[in-house]
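Inspection log for the structure reproduced underneath, given as structure tokens.
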Amino acid sequence: MLGFKIVGCGLDLEVGADKILLIFGLLKSSDREEISLDIRGSNNYSEQRINWGSWKLETEDEFRITVIEVKEVSNPVESKTEKDSEDQIKKEIETFLSLKKELETADLL
């Protein structure tokens, strides 16, 4: 799978997923400026959300980001699979059946 190798500032990661986000953020306020890097991803089929971490960046920090064929994805800080609960699925089926009956009653189905 295609992904990224990210090296610099103590990082040496290989990240790969269906969707990968490398987010460089700048937060400015009257009393501070903060720059950060967040690395996240998701796998649509398994509904998995992946977080490799968030780092505060300083002046002169450097990274090398290379597009690679990922051999082994680095361990994330957090990985969650978001599955629909049984209760949610039951409610959606009830709603579907109710709407279906309504359409049948109105001779639209």
Excluding residues fewer than 8 positions from LYS91 in its own chain, the lysines with Cα under 24 Å of it are LYS80, LYS83, LYS100, LYS101
Mind listing the long-range amide H neighbours of ILE68? Cut-off is under 5 Å, sequence gap 5 or more, other chains count too, H placed in the peptide plane at 1.01 Å from N. GLY3, PHE4, LYS5
Compute the relative contact order of the chain as a whole-number percentage, counting only Cα pairs closer than 8 Å that sit 6 or more residues apart in sequence. 27 percent
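Can you tell me the FRET efficiency between CYS9 and SER29 if r is taken as the Cβ-Cβ distance and R0 is 30 Å, rounded to the nearest 0.05?
About 0.80, to the nearest 0.05.
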By how many degrees, 0 to 90 and rounded to 10, does the Cα axis of helix 86-105 deviate from the longest principal axis of the chain? 40 degrees
Would you kindly derive the ³J(HN,Hα) couplings of segment 5-19 from the backbone phi angles with the Karplus curve 6.51 cos²θ - 1.76 cosθ + 1.60 (θ = phi - 60°), listing them in order in whole Hz, with x for Gly and Pro? 10, 10, 10, x, 6, x, 9, 8, 10, 10, 10, x, 5, 4, 9
Treat segment 2-83 as a sphere of radius equal to its Kirkwood radius over Cα pairs and apply Stokes-Einstein at 25 °C in a medium of 0.890 mPa s; give the translational diffusion coefficient in µm²/s, rounded to a whole number. 179 µm²/s
Length gained when the stretch ASN43-LEU108 is fully extended (0.36 nm per residue, less Cα-Cα span): 19.6 nm
Determine, for SER79, SER46, the number of other Cβ atoms within 10 Å of each Cβ, and report the residues in order from fewest to most. SER46, SER79
How much length would be gained if the chain were fully extended between LYS80 and ARG64, taking 0.36 nm per residue of separation minus their Cα-Cα distance, in nm to one decimal? 3.0 nm
Nonlocal amide H pairs with LEU21, under 5 Å, H built at 1.01 Å: ARG40, GLY41
Under 17 Å between alpha carbons, and skipping anything fewer than 8 positions from LYS56 in its own chain: which lysines qualify? LYS28
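The numbers here are math on the coordinates, done by the rules we state, and not lab data. Keep in mind that this is a model prediction, so the values were computed, not measured. Don't worry about glycine lacking a Cβ; one is built from the backbone with ideal geometry, like all the others, and counts go over all protein chains shown.
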